[in-house]
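Okay, structure first, notes after.
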Amino acid sequence: MALILALLIVLGWRGPSLLQPSVGDEAEVVGDCDLHSGACEAQWDDGTHLTFQITPRPIRMQTRLQLEAEVSGPLAPDRVQVDFQGLEMYMGYNRPELEAQGDRWHSEGILPLCVTDRMTWEATVMLHRGEDEEAVRTARFRFETRRDEAGDLSAEALDSE
């Protein structure tokens, strides 16, 4: 019984970090990046270029979000995912898989409602090539959401959209 309790404590303490994307080859974000204002860009040393955007703007919790990534460079990815992590608190596993349309990748996503008034998020765009998880390329973009009466929708309102 004590062993099970100890295992549960360790999983509760370390579990969220085990779900974070592994860092393989991390891109450098180009210039000032504000996903609330427009697309952000990142570049890898080999010339691979990523343009990432989230709409509608401003980005809100409990709202259907359109995710778009455009990738150009020497090696096209086989898969693209966006991993959303709350920085102030663990907000659950949230990693939509984007679908390819040429050199653009699209998907819908949603940020869960946070009990605090503000939440800083990190959207990690993950470019996969092959099955080697160590070969994942990542680009990290941070943004903040605010809870307000005019913005975030209840689950019932979201279902009726």
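No lab work stands behind these numbers, since they all come straight from the coordinates. Nothing here was measured: the structure is a model prediction, and the numbers come from that model. Methodologically, a virtual Cβ is constructed for each residue, glycine included, from the backbone with ideal geometry; neighbour enumeration extends over all protein chains shown.
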Original post:
Assuming R0 = 22 Å, what is the FRET efficiency of GLU26 and THR55, from their Cβ-Cβ distance, to the nearest 0.05?
Top reply: 0.30
**OP:** Can you tell me which of 45-54, 89-98 comes out highest on packing, and rank the rest after it, using the mean Cβ neighbours within 10 Å?
**Re:** 45-54, 89-98
Original post:
Over the Cα atoms of segment 23-160, how large are the radius of gyration and the largest Cα-Cα distance (Dmax), in Å?
Top reply: 15.1, 46
**OP:** Determine the gain in length on full extension of the stretch GLN66-MET89; use 0.36 nm per residue of separation and subtract their C-alpha separation, reporting nm with one decimal.
**Re:** 5.9 nm
Original post:
With labels modelled as points extended 7 Å from the Cα through the Cβ direction, what inter-label distance (nm, one decimal) is found for ARG129 paired with ILE110?
Top reply: 3.5 nm
Original post:
Each residue of segment 56-65 in order: what ³J(HN,Hα) in whole Hz does its phi give by Karplus 6.51 cos²θ - 1.76 cosθ + 1.60, θ = phi - 60°, with x for Gly and Pro?
Top reply: x, 10, x, 6, 10, 6, 6, 10, 5, 10
